[in-house]
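Inspection log for the structure reproduced underneath, given as structure tokens.
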Amino acid sequence: MDSRSVPLDRARRTPMRVLTAQAVVACALVLLFAGPARAGAQGSPAGGLGAQQVTSPVAGSASAALEECVTATVQELRAVAFSAEMTAVPGTMRMAMRIDLEERAPDELEFHTVTSSGLGVWRFSDPKVKVYKYLKQVTNVSAPAVYRGFVRFRWLNAKGHTIKRAERLTSRCLQPGVPPEPAEPGVASGTTTNSSSTTPAA
């Protein structure tokens, strides 16, 4: 798979996996909202019959989700993407999250962390943001295998000390095995064909 190299050795006890190079990691992006919730839909008077109450995100919340699971017979076209979101708590100066890709092969009982450039690193928000969102995509993943995201969250104060931690697992992405190539048309197995040659008369 790409975005992490998965070692071809499937040792059950191996704590880490290394994926083949060519991992393409699309990591993006922080989108933050700093304002309080708005009461009333745009264009409708507050408190009117058409008004909609929009609540603020819950302080200190953390979530992670499987955004896409693209299967394909060609390895380079397979992809998995995860999103994560966290909100500030009182005293938060910056927030950080780390998304790890975990893989489980059909002959394994447990998931293993896949390592590659761009994966398993901490990403930090800008100072004083209220909501921090992040998206990571991994392509060229192996099959057959099951993948999931393991996300760690940290809330940091002005001195850089962690004041809150959280962890979340995403839903799983199943990458099925590649179906066998269809047999080429030919003589059915189990039969014998006799050929004869003709010698031209002198």
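The values are calculated or read from the model by the stated rules, or taken from the named source; none is laboratory data. These figures come from a predicted structure and were not determined experimentally. Backbone-built Cβ (ideal geometry, glycine too); neighbour counts: all protein chains shown.
Condition check ((1) over 21 Å from Lys164 (Cα atoms); (2) surrounded by 17 or more Cβ atoms within 10 Å (Cβ to Cβ); (3) under 17 Å from the mean Cα position of the chain (by Cα)) across all residues:
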| residue | (1), (2), (3) |
| --- | --- |
| Met93 | no, yes, no |
| Arg98 | no, yes, yes |
| Glu110 | yes, no, no |
| Val114 | yes, yes, yes |
| Leu119 | yes, yes, yes |
| Pro127 | no, no, no |
| Tyr132 | no, yes, no |
| Val141 | yes, yes, yes |
| Phe150 | no, yes, yes |
- Item | Residues within the stretch 155-172 that are closer than 14 Å to Asp100 by Cβ and assigned to a strand (DSSP E or B), tallied | 3
- Message: With the requirement that a residue be in a loop (DSSP other than H, G, I, E, B), touching a residue at least 60 places away in the same chain (Cβ under 8 Å) and under 20 Å from Leu66 (Cβ atoms), what does the stretch 121-147 give you?
- Response: Asn140, Val141, Ser142, Ala143
- Message: Tell me the residue from Ser83, Ser125 that is under 15 Å from Ser61 (Cβ atoms), touching an Asp or Glu at 6+ places or on another chain (Cβ under 6 Å) and not aliphatic (A, V, I, L, M), please.
- Response: Ser83
- Message: Regarding the stretch 71-82, can at least one residue be identified that is modelled with pLDDT under 95, within 21 Å of Arg168 (Cα to Cα) and out of contact with any helix residue (DSSP H, G or I) (no Cβ under 7 Å at 6 or more places or on another chain)?
- Response: no
